[in-house]
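Worksheet for the structure shown next.
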């Protein structure tokens, strides 16, 4: 997750299922260090930077699905330069099999997503300025048949005047789909749209955007287990690129901190996390 230009922080569960973290400048990262031993998770966490309207912009929340199959959150407080500690999101009766995904579409707004039992997408909204807390979990009118953890990306309403986010998920048949919330006169969910692809996928996708209306999506091929990439330019999807010649063992992660900048993270079969970035029109090599 990016906090600002050349300030990237990565979170992942270690072999004991406790979160560890590493921070870097987008090219070189520091050593892994324990983040918190108060909560176990076997799922990839979601981290989202959000804006409270202040000057620093250094606000971050991390979301995980715990071994209780519920979503929990920890947040960074810029005033105290420390973390709040884990808190529980509203309970979901069905529990979560995978997830979470999270994104922010404006000041004091975070949307959280997960794959509930029954392969349906659930969503929940946090609006600090209105209610200082989370709403209730809801099914979109078209909940889909989600197999793995969803990923989400939003337009910043303060910059684009568009109140929109898009959620991407691999369905139970291995196809990749996305669903849009807004923008219409009345904010509402759309319906799932399939992303054209010559292959099927396994594991949750990663998605990021460095300009409004454009998406870069990364997902694991179902047969080769290589990392695949496609870009939507606002009109059409590009052909899929094969970005690794080796198998990756987990769902990828991706983020962006500026124009034409993308950072992608994968875990190989030796359980190493590798990083590749796109800048000034070129992809740079994978590095540990």
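Where a number appears in this text, it was derived from the coordinates with a stated rule and is not lab data. Keep in mind that what you see is a predicted model, and the values were worked out from it rather than measured. Positions of Cβ are backbone-derived with ideal geometry, glycine not excepted, and every protein chain shown enters the neighbour counts.
The table below lists the values:
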read-out	value
Cα gyration tensor shape for the range 181-244, rounded if a/c is under 1.5, else prolate or oblate	prolate
Paired Rg and Dmax values of the range 211-288, which use every Cα atom, in angstrom	12.5, 39
Dimensionless Rg ratio for the range 42-127, taking C-alpha atoms and the 2.2 N^0.38 Å reference	1.10
Residue 284 versus residue 108: modelled label distance in nm, points set 7 Å from Cα along the beta carbon direction	3.8 nm
Helix-only CD estimate at 222 nm, as mean residue ellipticity for the chain, using -39500 (n - 2.57) per DSSP H run (n ≥ 4)	-500 deg cm²/dmol
Equivalent ellipsoid semi-axes - Cα gyration tensor, the chain, angstrom	24, 23, 21
For 285, 224, 22, order by how many other beta-carbon atoms lie within 10 Å, fewest first	285, 224, 22
Full-stretch length increase - residue 173, residue 224 - with 0.36 nm per residue and alpha-carbon distance subtracted	16.7 nm
Packing-based exposure ordering (other Cβ within 10 Å, fewest first) of 284, 229, 72	284, 72, 229
Pairwise label distance in nanometres, residue 193 with residue 37, each label 7 Å out on the Cα-Cβ vector	4.8 nm
Rel. contact order, % - alpha carbon contacts under 8 angstrom, at least six apart, the chain	9 percent
Least to most buried among 217, 28 (fewest other Cβ within 10 Å first)	28, 217
Gained length - residue 15 relative to residue 242, 0.36 nm times residue gap less alpha-carbon distance	78.9 nm
